[in-house]
1. Only residues that are open to solvent by 30 Å² or more (accessible area, probe 1.4 Å), closer than 30 Å to Val353 by Cα and in a loop (DSSP other than H, G, I, E, B): list them for region 85-137, please.
2. Which condition from (1) under 19 Å from Ala62 (Cβ atoms); (2) open to solvent by less than 10 Å² (accessible area, probe 1.4 Å) is the one that Met327 breaks?
3. Mind listing just one residue for me: the one in region 426-469 that is closer than 24 Å to Ala98 by Cα and of a type in the set (Phe, Trp, Tyr) and, of those, most open to solvent (accessible area, probe 1.4 Å)?
4. Among the residues of region 30-68 satisfying the criterion of being small (Gly, Ala, Ser) and not in a helix (DSSP H, G or I), which is nearest to Asn257 (Cα to Cα)?
5. Before we move on, is Asp176 open to solvent by less than 40 Å² (accessible area, probe 1.4 Å), of a type in the set (Asp, Glu) and at pLDDT 85 or above?
6. Return yes when Leu371 is among the aliphatic types (A, V, I, L, M), at pLDDT 80 or above and open to solvent by 20 Å² or more (accessible area, probe 1.4 Å) and no when it is not.
7. Under the condition of being of a type in the set (S, T, N, Q), in a helix (DSSP H, G or I) and at pLDDT below 85, which residue from region 399-425 is surrounded by the fewest Cβ atoms within 10 Å (Cβ to Cβ)?
8. Count, please, the residues in region 46-64 that happen to be more than 17 Å from Leu251 (Cα to Cα) and surrounded by fewer than 23 Cβ atoms within 10 Å (Cβ to Cβ).
Amino acid sequence: HMKLQGAGLKNCVTELYKQKTCAYYVFGTVKDKFVLASIGYAVGLGNVWRFPYLCYRSGGGAFLIPYLIMLFLCGIPLLFMEFTVGQYTRLGPVHALAKICPLFKGVGLATVVISYVLCTYYNVLMTWALYYLLHSFSPSLPWQSCNNTWNAVGNCSTGFPGNATHLQSASQQFFDHKVLEVTTGIEHAGGIRWELFGLLVLAWAIVYLCIFKGVKSTGKVVYFTATFPYFILFALLINNVQLPGAKDGILFFLMPNWSKLLEVQVWVNAAAQIFNSIGISFGSMISMASYNKFNNNILRDTFIVCLANSATSIVAGFVIFSAIGYMAHIHNLPVDDIATDGPGLVFVVYPEVFSTMPFSQLWAPLFFIMLLCLGLDSQKLRSETQIIMVEKMLGKKPNLFFRVCWQFLSPMLVLGILISSIFQYTPARYGKSYTYPFWAEVVGWFISLVSIIWIPLGALHELWTTEGSMLQRLKKSITPTVDLESVSEKPSTESIVLFTAA
């Protein structure tokens, strides 16, 4: 049996074998790399800018009840299933899902397409974070005053305007007028922001440098990108809770409103946060698990990743709302007038917070470096992108809980969320006043359907190319083509030696 150690990495028998066994070596020698990479992918910008806002808008502390229910009924079972598919088949999402159920082979391609769409979106956010990071090293933070060429002095406020709708904060004007150069509407595109274009190219270059050697480079980068944000989060938490007004912000974040639990949208929000945050159905978790040892304990890894992700969201909530409470105290405004979500939170509210905090030019760069790490971890894995399986890998059948979730609870909840989202759809808006025109809504729906369309197309193609009557075609198309017996023979003694560190 060949033993893989030291320079042996360069002497794999064949090029194909080399690529795969080198990948096994990366995760096999240090088992925590897979967990770190998965946590890094799951913990992203949504933990910082989406969860805190959803929590307080959806009942405060009461929101944790639907959130935790969705975590245990959807998040954990479905992540376990994705890990199982990847680790058992040792294939990426396209080929793995096609072998498990040929009728739904389009699902794998859909995950790749949606990951591509999200890649473009995430890199824009990383571009903005780079822009803010560079400006954080200025002698004075450029978003803390109204004495700049981009400010509309007549309606610029050095603090938050509160109910004065004709005023904008200096940080809002920096984001709108300096960073984005916002026009009066989407129909007026404006010119190219060459500074942002250059930083966008840089952002893509950073992603490339992190993944150009495949999973081997990913395993090295993850040590920094997955752990550094936690140092910054806890440093900000320690600093923020000592600020005046922090207590009011935290209470606003956690104060339970039990009546909210009767609203369907609150449960939809909880499920959406679980799916978006953990990264279920994007294919990346399947890809990462495909490099694992066959008998790696993915059940343990599933719980670690899911619980770490949720804990990070809650800690981020304390960090964000302690700072928002501080700003409300400084400007003598209700917390509700300052709290927001999405880009407005990390590119408008928090820069304004830094401008009034002690050591502002220390905290601002660290915060935006943290955002880059959060975005990079999720980005690089997207770019690289079951009972019998579990029994063969773990040596026992999955317990009743997972079987019930896989077969009944998770599909029903996902279907309910889909139906509810369709009926409760509201047109997209920017800020509080601008509503996108109808043609822009159509473009948005087209982008949304670009990934989904591959599922019915894949099913039609499978039924069309399969021989036999329609009933026979349907039966063949839902029969797994992966060899469930021979796959279990893959982790031979040779493979086990390969996973052993020198």
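The values are calculated or read from the model by the stated rules, or taken from the named source; none is laboratory data. The model shown is predicted, which means the values in this text are computed figures rather than measured ones. Here the Cβ is made from the backbone with ideal geometry for all residues, glycine too, and neighbour counts use every protein chain on show. Each accessible area value is taken on the protein alone, full model and side chains, heavy atoms only, with ligands, DNA and RNA left out. Shrake-Rupley method; radii C 1.70, N 1.55, O 1.52, S 1.80 Å.
1. Residue satisfying the conditions is Phe137 alone.
2. Answer for Met327: the failing condition is (1).
3. So the residue we want is Trp464.
4. Kept after step one, since they are small (Gly, Ala, Ser), are these residues of region 30-68: 37-38, 40, 42, 44, 46, 58-62.
Filter once more, so that each one left must be not in a helix (DSSP H, G or I): 44, 58-59.
Values: Gly44: 27, Ser58: 8, Gly59: 4 Å.
Checked region 30-68; the qualifying residue nearest to Asn257 (Cα to Cα) is Gly59.
5. Details: open to solvent by less than 40 Å² (accessible area, probe 1.4 Å): yes; of a type in the set (Asp, Glu): yes; at pLDDT 85 or above: yes.
The answer is yes for Asp176.
6. Working: among the aliphatic types (A, V, I, L, M): yes; at pLDDT 80 or above: yes; open to solvent by 20 Å² or more (accessible area, probe 1.4 Å): no.
It is false that Leu371 is among the aliphatic types (A, V, I, L, M), at pLDDT 80 or above and open to solvent by 20 Å² or more (accessible area, probe 1.4 Å).
7. We begin by selecting, within region 399-425, every residue of a type in the set (S, T, N, Q); these are 399, 407, 410, 420-421, 424.
Still in the list and also in a helix (DSSP H, G or I): 407, 410, 420-421.
Among the residues that remain, those that are also at pLDDT below 85 are: 407, 420-421.
Numbers: Gln407: 11, Ser420: 15, Ser421: 13.
Applying the filter and picking the extreme gives Gln407.
8. So in region 46-64, the residues more than 17 Å from Leu251 (Cα to Cα) come out as 46-50.
From the residues that got through so far, the ones that are surrounded by fewer than 23 Cβ atoms within 10 Å (Cβ to Cβ) too are 50.
Residues flagged as more than 17 Å from Leu251 (Cα to Cα) and surrounded by fewer than 23 Cβ atoms within 10 Å (Cβ to Cβ) within region 46-64 amount to 1.
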